[in-house]
1. Filter the range 78-93 down to the residues that are surrounded by 24 or more Cβ atoms within 10 Å (Cβ to Cβ) and either at positive phi or not in a loop (DSSP other than H, G, I, E, B) (or both) and list them by number.
2. For the range 66-78, check the following and say yes or no: at least one residue is outside the structural domain of residue 269 (by TED's automatic domain parsing), at pLDDT below 95 and either within 18 Å of the chain's Cα centre (by Cα) or not aromatic (Phe, Trp, Tyr) (or both).
3. Here is a list of conditions, (1) loosely packed, with under 15 Cβ neighbours inside 10 Å; (2) touching a residue at least 12 places away in the same chain (Cβ under 8 Å), and residue 58 meets all of them except one; can you say which number that is?
4. So, in the range 65-77, exactly how many residues are in contact with a Phe, Trp or Tyr (Cβ under 9 Å, 6 or more places away or on another chain) and either in a loop (DSSP other than H, G, I, E, B) or polar (S, T, N, Q) (or both)?
5. Please go through the range 194-205 and give me each residue that is surrounded by fewer than 16 Cβ atoms within 10 Å (Cβ to Cβ) and assigned to a loop (DSSP other than H, G, I, E, B), ordered by number.
6. For the range 143-183: of the residues being more than 30 Å from residue 126 (Cβ to Cβ) and exposed (fewer than 15 other Cβ atoms within 10 Å of the Cβ), which is nearest to the chain's Cα centre (by Cα)?
7. With the range 101-193 as the region, which strands (runs of 3 or more DSSP E) entirely inside it contain at least 2 residues that are under 19 Å from residue 40 (Cα atoms)?
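The values are calculated or read from the model by the stated rules, or taken from the named source; none is laboratory data. This is a predicted model, so every value here is computed, not measured. Heads up, the Cβs are rebuilt from the backbone with ideal geometry, glycines too, and the neighbour counts pull from every protein chain shown.
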Amino acid sequence: MAFTIDQRHRLIENGRLVTRIMSPAQNTGGAFARQPSILIVHFTYGASAKSSAEWFRDGPKKVSAHVVVDRDGTVIQCVDFDTAANHAGESSWGGLTSFNNKSFGIELANWGYLKRSGAGWSSYTGVPIPEPFIAPHKNGNPYLPTDAPIGWEPYPQAQIASAMGIAREMVKTYRVDTILGHDDIARGRKWDPGPAFDMARFRNQVLGDRAVDGPNTLTVRSPSGLNLRKGPGVSFDALELLSDGTMVEPVERNGNWVLVNVLDEAGIAQKTGWVHGAFLV
């Protein structure tokens, strides 16, 4: 597959427009005031890409996304890339808020978190998932007051390959330099794309050497503390002083600066910001 984006901000696959089930204007935020460089990954919490795209078009909640990718890699465009989609809702991350107007949204057809069904796991609609991914969510599980592992629908390789191809073209066309999950910008409210989605690998495959490639957690080593900043440089305001020994999860690299999730003692992300990489081990 080969994805490109034309001058009208429409997605092309192998020389042809992808299927278009367009969300109505009232389900979008209108033209972007400023071109985004952030991509947000979601799961649909539903069946097929087509059913989700039709729900974006016809549903009552006035939500939308730029593209939906089905489990077999089939792609549907719902909003052109010059228009804000209503995919993020109430959101904040790295000192930014209101991500509908600051990001692109890609939805992956996936049932998301599952429920126990006898000895196995199924979707909330009762669809059995025979080989679920078993893990707790990094921000705490969505429906159980526990950090115990629960079931999640896996993402097929064909779906990931299409999503990566689209994301790489967005890097080329729109200079996307940051990839986040909905669960990064709406913690405690959203759990997509969840632990079944290998975000570290996805970022590395899409962003190349701009992504962090290394251990999942690092430790702050600075006896006097380390400033967590709003951006990658000392000119950006400090959000707080991280103490020596603080555990962090690297997200993205920009020169000597690393975007990190700050983890609590349970390994759950509490806040996000930039730190100088020289003080991480």
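1. Of everything in the range 78-93, those that are surrounded by 24 or more Cβ atoms within 10 Å (Cβ to Cβ) and either at positive phi or not in a loop (DSSP other than H, G, I, E, B) (or both) turn out to be 84, 85, 93.
2. Taking the range 66-78 first, the residues outside the structural domain of residue 269 (by TED's automatic domain parsing) are 66-78.
Remaining after also requiring at pLDDT below 95: none.
Taking every residue of the range 66-78 in turn, none turns out to be outside the structural domain of residue 269 (by TED's automatic domain parsing), at pLDDT below 95 and either within 18 Å of the chain's Cα centre (by Cα) or not aromatic (Phe, Trp, Tyr) (or both).
3. Of everything listed in (1) loosely packed, with under 15 Cβ neighbours inside 10 Å; (2) touching a residue at least 12 places away in the same chain (Cβ under 8 Å), residue 58 misses just condition (2).
4. So the first thing to find is which residues in the range 65-77 are in contact with a Phe, Trp or Tyr (Cβ under 9 Å, 6 or more places away or on another chain), and the list is 65-68, 71, 75.
Imposing the further condition that a residue be either in a loop (DSSP other than H, G, I, E, B) or polar (S, T, N, Q) (or both) reduces the set to 65-66, 71.
Number of matching residues: 3.
5. 198
6. Initially, the range 143-183 is screened for residues more than 30 Å from residue 126 (Cβ to Cβ), giving 164-180.
From what is left, the residues that are exposed (fewer than 15 other Cβ atoms within 10 Å of the Cβ) are 172, 175, 177.
Working: 172: 18, 175: 17, 177: 13 Å.
Only one residue tops the list, namely 177.
7. 104-108, 178-181
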